[in-house]
1. Do you know which residues across the range 1-31 are surrounded by 11 or more Cβ atoms within 10 Å (Cβ to Cβ), in a loop (DSSP other than H, G, I, E, B) and within 19 Å of the chain's Cα centre (by Cα)?
2. Determine, yes or no, whether L81 is under 18 Å from Q150 (Cβ atoms) and aliphatic (A, V, I, L, M).
3. Which condition from (1) among the charged types (D, E, K, R); (2) out of contact with any strand residue (DSSP E or B) (no Cβ under 6 Å at 6 or more places or on another chain); (3) not assigned by TED's automatic domain parsing to the domain that holds C137 is the one that D96 breaks?
4. All but one of (1) under 15 Å from the mean Cα position of the chain (by Cα); (2) crowded, with 21+ Cβ neighbours inside 10 Å hold for A67; state the number of the condition that does not hold.
Amino acid sequence: MHANQPLHICVNGVQQTLAMSPEASLLHLLRNDLLLNSPKYGCGLGECGACTVLVDGVAARACVIPAAGVAGREITTLEGLGSAGLLHPVQQAFIDAQAAQCGYCLSGMIMMTASLLAHTPDPTELQIRQALSGNLCRCGTHLEIIDAVQRAARLMAQARTAAAASPASQASQA
(Lines give C-alpha, C1' and ligand atoms only; values in the text may rest on other atoms or scores of the structure.)
Protein backbone atom coordinates (compact mmCIF):
# COMPACT_ATOMS: atom_id res chain seq x y z
CA MET A 1 0.00 0.00 0.00
CA HIS A 2 1.30 3.41 -0.99
CA ALA A 3 0.95 6.58 1.04
CA ASN A 4 -1.24 9.39 -0.23
CA GLN A 5 0.64 11.90 -2.32
CA PRO A 6 -0.25 15.50 -3.19
CA LEU A 7 -1.85 15.93 -6.59
CA HIS A 8 -2.10 19.34 -8.25
CA ILE A 9 -4.94 19.44 -10.75
CA CYS A 10 -7.20 22.03 -12.39
CA VAL A 11 -10.85 20.95 -12.50
CA ASN A 12 -13.43 23.19 -14.16
CA GLY A 13 -11.03 26.13 -14.00
CA VAL A 14 -10.26 25.76 -10.28
CA GLN A 15 -6.81 24.73 -9.09
CA GLN A 16 -6.97 21.91 -6.56
CA THR A 17 -4.38 20.17 -4.39
CA LEU A 18 -5.52 16.83 -3.03
CA ALA A 19 -3.85 14.01 -1.15
CA MET A 20 -4.46 10.97 -3.35
CA SER A 21 -3.48 7.34 -3.45
CA PRO A 22 -1.43 6.73 -6.60
CA GLU A 23 -3.89 3.96 -7.52
CA ALA A 24 -6.98 6.21 -7.41
CA SER A 25 -8.77 6.80 -10.70
CA LEU A 26 -9.70 10.21 -12.01
CA LEU A 27 -13.36 9.18 -11.70
CA HIS A 28 -12.86 8.39 -8.01
CA LEU A 29 -11.22 11.79 -7.48
CA LEU A 30 -13.98 13.68 -9.29
CA ARG A 31 -16.92 11.92 -7.67
CA ASN A 32 -15.67 11.11 -4.17
CA ASP A 33 -13.18 13.86 -3.42
CA LEU A 34 -14.56 16.80 -5.41
CA LEU A 35 -18.23 15.70 -5.18
CA LEU A 36 -18.86 16.19 -8.90
CA ASN A 37 -21.76 13.99 -9.92
CA SER A 38 -21.79 14.28 -13.71
CA PRO A 39 -19.19 11.64 -14.61
CA LYS A 40 -20.87 8.31 -13.89
CA TYR A 41 -19.47 4.93 -13.03
CA GLY A 42 -20.73 2.61 -15.74
CA CYS A 43 -18.50 -0.29 -16.65
CA GLY A 44 -15.20 0.62 -14.96
CA LEU A 45 -13.38 -0.48 -18.11
CA GLY A 46 -13.59 2.63 -20.30
CA GLU A 47 -16.05 0.87 -22.61
CA CYS A 48 -19.40 2.60 -22.01
CA GLY A 49 -18.54 6.32 -21.98
CA ALA A 50 -20.59 7.24 -18.90
CA CYS A 51 -17.46 8.62 -17.22
CA THR A 52 -16.30 10.79 -20.16
CA VAL A 53 -14.66 14.09 -19.23
CA LEU A 54 -12.38 16.45 -21.13
CA VAL A 55 -8.66 16.34 -20.39
CA ASP A 56 -7.02 19.38 -21.98
CA GLY A 57 -10.08 19.61 -24.24
CA VAL A 58 -9.98 15.99 -25.43
CA ALA A 59 -12.58 13.40 -24.42
CA ALA A 60 -11.20 10.80 -22.02
CA ARG A 61 -12.58 7.97 -19.87
CA ALA A 62 -12.13 8.97 -16.24
CA CYS A 63 -12.63 5.45 -14.90
CA VAL A 64 -9.42 4.12 -16.46
CA ILE A 65 -7.16 7.15 -16.03
CA PRO A 66 -5.04 7.21 -12.88
CA ALA A 67 -5.60 10.50 -11.06
CA ALA A 68 -1.83 10.95 -10.88
CA GLY A 69 -1.74 10.82 -14.69
CA VAL A 70 -3.59 14.11 -15.02
CA ALA A 71 -1.42 16.16 -12.65
CA GLY A 72 -1.09 19.70 -13.97
CA ARG A 73 -3.71 19.19 -16.69
CA GLU A 74 -7.07 20.86 -17.23
CA ILE A 75 -10.06 18.62 -16.49
CA THR A 76 -13.55 19.68 -17.52
CA THR A 77 -16.70 17.92 -16.38
CA LEU A 78 -20.29 18.71 -17.32
CA GLU A 79 -20.42 21.03 -14.30
CA GLY A 80 -17.65 23.14 -15.87
CA LEU A 81 -18.91 23.13 -19.44
CA GLY A 82 -21.58 25.76 -18.89
CA SER A 83 -23.55 27.26 -16.04
CA ALA A 84 -27.19 27.41 -15.05
CA GLY A 85 -27.36 30.96 -16.35
CA LEU A 86 -25.43 30.32 -19.56
CA LEU A 87 -25.57 26.80 -20.93
CA HIS A 88 -22.94 25.61 -23.38
CA PRO A 89 -24.47 25.24 -26.88
CA VAL A 90 -24.10 21.45 -26.62
CA GLN A 91 -26.08 21.42 -23.37
CA GLN A 92 -28.77 23.64 -24.90
CA ALA A 93 -28.99 21.46 -28.00
CA PHE A 94 -29.46 18.29 -25.93
CA ILE A 95 -32.32 20.00 -24.06
CA ASP A 96 -33.89 21.30 -27.27
CA ALA A 97 -33.69 17.88 -28.94
CA GLN A 98 -35.01 16.15 -25.81
CA ALA A 99 -32.06 13.79 -26.14
CA ALA A 100 -32.29 12.30 -22.67
CA GLN A 101 -34.44 9.61 -21.24
CA CYS A 102 -32.95 8.21 -18.04
CA GLY A 103 -29.95 10.57 -18.28
CA TYR A 104 -27.26 8.15 -17.10
CA CYS A 105 -25.28 8.39 -20.34
CA LEU A 106 -26.03 12.06 -20.88
CA SER A 107 -22.95 13.62 -19.30
CA GLY A 108 -20.64 11.36 -21.30
CA MET A 109 -22.56 12.01 -24.52
CA ILE A 110 -22.42 15.78 -23.98
CA MET A 111 -18.71 15.77 -23.15
CA MET A 112 -17.90 13.59 -26.17
CA THR A 113 -19.98 15.92 -28.35
CA ALA A 114 -18.16 18.99 -27.00
CA SER A 115 -14.83 17.35 -27.83
CA LEU A 116 -16.02 16.33 -31.30
CA LEU A 117 -17.31 19.81 -32.17
CA ALA A 118 -14.17 21.50 -30.87
CA HIS A 119 -12.14 19.49 -33.38
CA THR A 120 -14.75 18.96 -36.13
CA PRO A 121 -17.11 21.97 -36.15
CA ASP A 122 -19.36 20.67 -38.96
CA PRO A 123 -19.40 16.88 -38.67
CA THR A 124 -21.27 14.58 -41.00
CA GLU A 125 -23.78 12.14 -39.53
CA LEU A 126 -21.22 9.37 -40.06
CA GLN A 127 -18.58 11.34 -38.12
CA ILE A 128 -21.08 11.89 -35.30
CA ARG A 129 -21.98 8.21 -35.19
CA GLN A 130 -18.29 7.24 -35.17
CA ALA A 131 -17.41 9.73 -32.43
CA LEU A 132 -20.29 8.58 -30.22
CA SER A 133 -19.94 4.87 -30.99
CA GLY A 134 -18.14 4.27 -27.69
CA ASN A 135 -20.81 6.03 -25.65
CA LEU A 136 -23.63 3.64 -24.87
CA CYS A 137 -27.26 4.61 -24.37
CA ARG A 138 -29.39 1.77 -23.06
CA CYS A 139 -32.63 3.75 -23.44
CA GLY A 140 -32.38 4.02 -27.20
CA THR A 141 -32.40 7.80 -27.69
CA HIS A 142 -29.72 7.57 -30.38
CA LEU A 143 -31.73 9.45 -33.02
CA GLU A 144 -32.40 12.32 -30.60
CA ILE A 145 -28.74 12.37 -29.60
CA ILE A 146 -27.63 12.63 -33.25
CA ASP A 147 -30.16 15.43 -33.72
CA ALA A 148 -28.76 17.17 -30.62
CA VAL A 149 -25.20 17.00 -31.98
CA GLN A 150 -26.33 18.47 -35.30
CA ARG A 151 -28.23 21.22 -33.45
CA ALA A 152 -25.18 21.96 -31.31
CA ALA A 153 -23.01 22.27 -34.43
CA ARG A 154 -25.49 24.79 -35.86
CA LEU A 155 -25.68 26.75 -32.60
CA MET A 156 -21.90 26.93 -32.38
CA ALA A 157 -21.63 28.01 -36.04
CA GLN A 158 -24.21 30.75 -35.41
CA ALA A 159 -22.22 31.92 -32.37
CA ARG A 160 -19.00 32.05 -34.43
CA THR A 161 -20.77 34.02 -37.17
CA ALA A 162 -22.25 36.46 -34.65
CA ALA A 163 -18.87 36.91 -32.97
CA ALA A 164 -17.19 37.60 -36.32
CA ALA A 165 -19.87 40.17 -37.20
CA SER A 166 -19.69 41.98 -33.85
CA PRO A 167 -18.37 45.58 -33.83
CA ALA A 168 -15.54 44.58 -31.44
CA SER A 169 -14.43 41.83 -33.83
CA GLN A 170 -14.57 44.16 -36.82
CA ALA A 171 -12.62 46.86 -34.96
CA SER A 172 -9.85 44.40 -34.10
CA GLN A 173 -9.58 43.38 -37.75
CA ALA A 174 -9.17 46.98 -38.92
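The values are calculated or read from the model by the stated rules, or taken from the named source; none is laboratory data. What you see is a predicted model; the values in this text were computed from it and never measured. Here the Cβ is made from the backbone with ideal geometry for all residues, glycine too, and neighbour counts use every protein chain on show.
1. Within the range 1-31, N12 is the sole residue that qualifies.
2. Judged against the criteria, L81 is not a match.
3. (3)
4. Checking A67 against (1) under 15 Å from the mean Cα position of the chain (by Cα); (2) crowded, with 21+ Cβ neighbours inside 10 Å, the one that fails is (1).
Conditions tested, residue by residue: (1) touching a Ser or Thr at 6+ places or on another chain (Cβ under 7 Å); (2) modelled with pLDDT under 95; (3) closer than 25 Å to C102 by Cα; (4) outside the structural domain of S115 (by TED's automatic domain parsing).
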| site | (1), (2), (3), (4) |
| --- | --- |
| I9 | no, yes, no, yes |
| L18 | no, yes, no, yes |
| P22 | no, yes, no, yes |
| L26 | no, no, yes, yes |
| C43 | no, yes, yes, yes |
| C48 | no, yes, yes, yes |
| V53 | yes, no, yes, yes |
